[in-house]
1. Whole angstrom only: what separates the Cα centroid of the stretch B:49-72 from the Cα centroid of the stretch B:241-309?
2. From the square roots a ≥ b ≥ c of the eigenvalues of the alpha-carbon gyration tensor of chain B, which class results: rounded (a/c under 1.5), prolate (a/b over b/c), or oblate?
3. In which sequence would B:69, B:89 go, from the one with the fewest C-beta neighbours within 10 Å to the one with the most?
4. Aspartates and glutamates within cross-link reach of residue A:277: Cα-Cα under 12 Å, excluding same-chain residues under 8 positions apart?
5. Using +1 at the Cβ of each Lys and Arg and -1 at the Cβ of each Asp and Glu in the protein assembly as shown, identify which of B:76, B:220, A:201 lies farthest towards the dipole's positive end.
6. Antiparallel DSSP bridges in the stretch B:2-155: what percent, to the nearest 5?
7. Please identify, among B:244, B:297, B:113, the residue showing maximal mean-square fluctuation in a Gaussian network model of chain B using a 10 angstrom Cα cutoff.
8. Give the order of B:300, A:217 when sorted by the count of other beta carbons within 10 angstrom, beginning with the fewest.
Amino acid sequence: MNVSVRKAIAQTDADTLQRRAAELRGRIVEMSHAAQAAHLASSLSCADILTVAYWHVLNVNPQRPGDPLRDRFILSKGHAAAALYATLAMRGYFPLEELATFCEDGGRLAEHPPANLLPGVEAATGSLGHGLPLGCGMALSGRIKGEGFRVFALLSDGENNEGSVWEAAMFAAAQKLDNLCVIVDYNKWQATARSDETLMLAPLREKWTAFGWNAREIDGHDVTALASAMQPVPDGSGKPVALIAHTVKGKGVSFMEDDNNWHYRAPTAEEVVKARKELGLS
Amino acid sequence: MRNAFADELTRLGDEDPRIVMLSGDIGNRLFDKFKTRHATRFFNCGVAEANMMGVAAGLAMNGLRPIAYTITPFVTARCLEQIRTDVCYHEAPVTIVAVGAGLSYAGLGPTHHSCEDIAFLRSLPNMVVMCPGDSFEVRAALRASLRQEHPVYIRIGKKGEPVVHRAPLADFEIGKAITIVDGKDVCLLSTGNMLPEAVAAARQLNARGISGRIVSFHTVKPLDEACLRQAFDRFALVATLEEHSRIGGFGSAVAEWLVDAGIAPKKFIRFGTPDAFFKQSGEQDFAREVFGLSAHHIAEKILQAMSGK
């Protein structure tokens, strides 16, 4: 793995981020149970990425979610909505109690995120392959208007099946959108099968490199590595940045890890207790 | 129409710094003036329409006014989900300009025909659908679209179509149809590039003693309900004209409106393309002949209906 730690964070910061990630995972598991909603494993897979983004990297203020100069984070893998909602609530965008309304009739927390309802949700996602083109437009608007914000788009590995991802990849490279960063949550599974057995993704970093991106592989559960890779965007290369984050689907709960049944399964009450215990939560 | 579009776009680019032009690798030399004057606001997005539409939405969501342009099927059907979700759901003020609509590019072959796009686009919430009838209407429609805070679809023809209006349309409004010529027997409601055929058909009818009102119904969504109400109230026969399928297009929209408004039309004819692809080689005029959309077909069918009791 090509891991270059350019701006290491202090161990105490790393510990804090890890604790937050564990709390985030606990909330995600509870939400999945309460709503009996799918995509739990996909949400756990990207919990560390969201934690590092929202508590270390993004220049955002939950009190001013519409600030034109804010960094944008697009959850292009919209099926991990529970992870985004829990992150935003923990970060102070809306009350934590609202997480209990996940998937409820008349609520704001749909199974895939709608936009213009919840503060902090930049775009309606769920149909894959949309977040990166949107992110290109946002990054381009920042350049045209001379606004220095950055755009981060979190893609699933299965999402790399979509042709629009590669259309956008070529566009971003041609326009030298160095204020744009893609993070691929590379957990090696898609909804019903291994990614590489569905549409061949490997070698994924080489693909993004060949498409003109400054692409690197990192451990998507190592908060220090994530922080070091995401924080320096734009990184001076004049290219958009692609972080191929190696992850484990269902990460953090032993009986869910790398078991693709948890793409659709929701946990029982007993499993929630067991999961929270494993996560070091009471 | 497309030259008028490019010219008006350049003027608007001078006036409004929010305007960003996105082209799907089309319009060779057409946008040279715009590019010269606004180099940082022109992007050739390549042959990648799904991305172009997503980029347009992203730009519009951040306060800019993108115009996404290429040949009709590619800027509509090809990226319909991006239009639906990225543009319309987010109420992103993107102006989509589709060139070669209907059978304008008949000669380019079947992949370049588009007789379904009105149906696709008008079903999308938040979308305004405009089909200007000549180059003056193209200019006015483009200008009006940029005063909207919503997505707008503008469906234009090719170049060199007859110009029907005599002067710029200063009081043009989205959703307000324009009466070109008044008449008392029949009312021809024409949308888009069928306007010159409507004018020619009315002339032929006039020669046979039937006086026709010609209306350029440049906005298919929202419909000009006052205009429709008056037309169906006053005229013995109302016809809709469009270079688009009779399924889901302008005529369908009017038929839906009639049912919802509880109005029983005296005589109502919907001119449009049949539920069929145009599978021959041939230019637009030939395609109109084949599909019964030429002025003489329109005049004949109306005469028949008027005398048929």
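We did not get these values from a lab; they are worked out from the coordinates using the rules stated. As the structure is a computational prediction, the values presented were derived from the model and not from experiment. Cβ: placed from backbone, ideal geometry, glycine included. Neighbour counts: every protein chain shown.
1. Comparing the Cα centres of the stretch B:49-72 and the stretch B:241-309, I get a distance of 33 Å.
2. Taking the square roots of the gyration eigenvalues as a ≥ b ≥ c, chain B is prolate.
3. Ordered from fewest to most neighbouring Cβ atoms within 10 Å, B:69, B:89 come out as B:89, B:69.
4. By straight Cα distance, residue A:277 reaches A:23.
5. Result: B:220.
6. Taking every DSSP beta bridge with both residues in the stretch B:2-155, the antiparallel ones total about 5 percent.
7. The residue that fluctuates most here is B:297.
8. Ranked by crowding around the Cβ, least crowded first: B:300, A:217.
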